[in-house]
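Enquirer: Before I ask anything, here is the structure I am working with.
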Amino acid sequence: MCERRGLLVVFSAPSGCGKDTILQTIFHNKNCDDFVLSRSMTTRAPRQGERNGVDYYFVTREEFEKRIDEDRLIEFAEYNGNYYGTPKDPVEEWLAQGKIVILEIEVQGASKVVKAYPEALSIFILPPSLEELERRLRQRNTDSEETIARRIALAPGEIAKSSEFKHCVVNDDVTRASDEVYRLITEERKK
Ligand code: 5GP
């Protein structure tokens with residue numbers, strides 16, 4: 001690995017565990033000069049307020065499958081009936097520039113990256129309990145009852161994969177969990 005090679009951070013959790021909020025807290029409160037958040041591609045329809053090229057690259061299934069065939073994704077997964085994937089070229093470029101590249105992705109895709117990139121720092125966020133996870137998913141108010149039920153049903157299987165990750169952080173308190181995640185990243189960076 002060349003001297004300037006950056007650090008790949010795989011950041012995952014069952015839906016509703018607060019991984020988005022943890023990252024936002026870190027980006028707002030900490031020195032993140034070298035951090036970049038990878039922008040994913042998805043076939044899911046944009047939610048209200050979401051913008052193409054900002055929140056995601058929103059593409060058709062056909063376009064997504066073309067990317068798969070061309071081997072232009074680091075990983076991809078089908079989640080809740082939609083494809084989600086990480087474009088390869090920008091990640092490789094950022095790593096070559098020495099950046100800390102964060103992949104905020106669901107558990108199946110994260111598990112693939114953990115195996116393909118054993119040098120990556122992998123962090124799994126756990127909910128304090130399944131009851132609390134369900135409460136948070138309902139409170140979010142962004143998804144239909146059917147989607148919420150599917151996300152809750154997926155959680156135990158996803159949590160079972162947490163042992164594949166280098167670190168697990170319980171999101172019992174956002175500030176505390178964010179501090180812990182930031183510390184794990186900066187300590188790994190110093191190695
Ligand atoms: P949402 O539809 O709520 O934006 O995302 C659903 C799940 O897909 C979330 O857990 C999100 O982190 C994950 N996700 C977003 N981008 C990617 C990606 O590129 N690859 C994978 N495997 N999951 C992703």
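Enquirer: Can you find a residue that is loosely packed, with under 12 Cβ neighbours inside 10 Å, within 15 Å of the ligand (Cβ to nearest atom) and hydrophobic (A, V, I, L, M, F, W, C) anywhere in segment 6-27?
Expert: no
Enquirer: Kindly indicate which of Arg151, Arg183 is among the basic types (Lys, Arg) and buried (at least 17 other Cβ atoms within 10 Å of the Cβ).
Expert: Criteria check complete, one pass: Arg151.
Enquirer: For segment 55-71, check the following and say yes or no: at least one residue is surrounded by fewer than 20 Cβ atoms within 10 Å (Cβ to Cβ) and within 19 Å of Leu23 (Cα to Cα).
Expert: Yes, the conditions are met somewhere in segment 55-71.
Enquirer: Search segment 38-81 for residues being of a type in the set (Val, Ile, Thr) and over 23 Å from Glu145 (Cβ atoms), and hand back the single one that is nearest to the ligand (Cβ to nearest atom).
Expert: Per the criteria, the residue is Ile74.
Enquirer: Quick check on segment 98-151: of everything there that is under 17 Å from Arg39 (Cα atoms) and assigned to a loop (DSSP other than H, G, I, E, B), which residue is nearest to the ligand (Cβ to nearest atom)?
Expert: Glu106
Read the figures in this text as sums done on the coordinates, not as results from a lab. In this text, all values refer to a predicted model and were calculated from it rather than measured experimentally. Glycine gets a Cβ as well: all are built from the backbone with ideal geometry, and neighbour counts include every protein chain shown.
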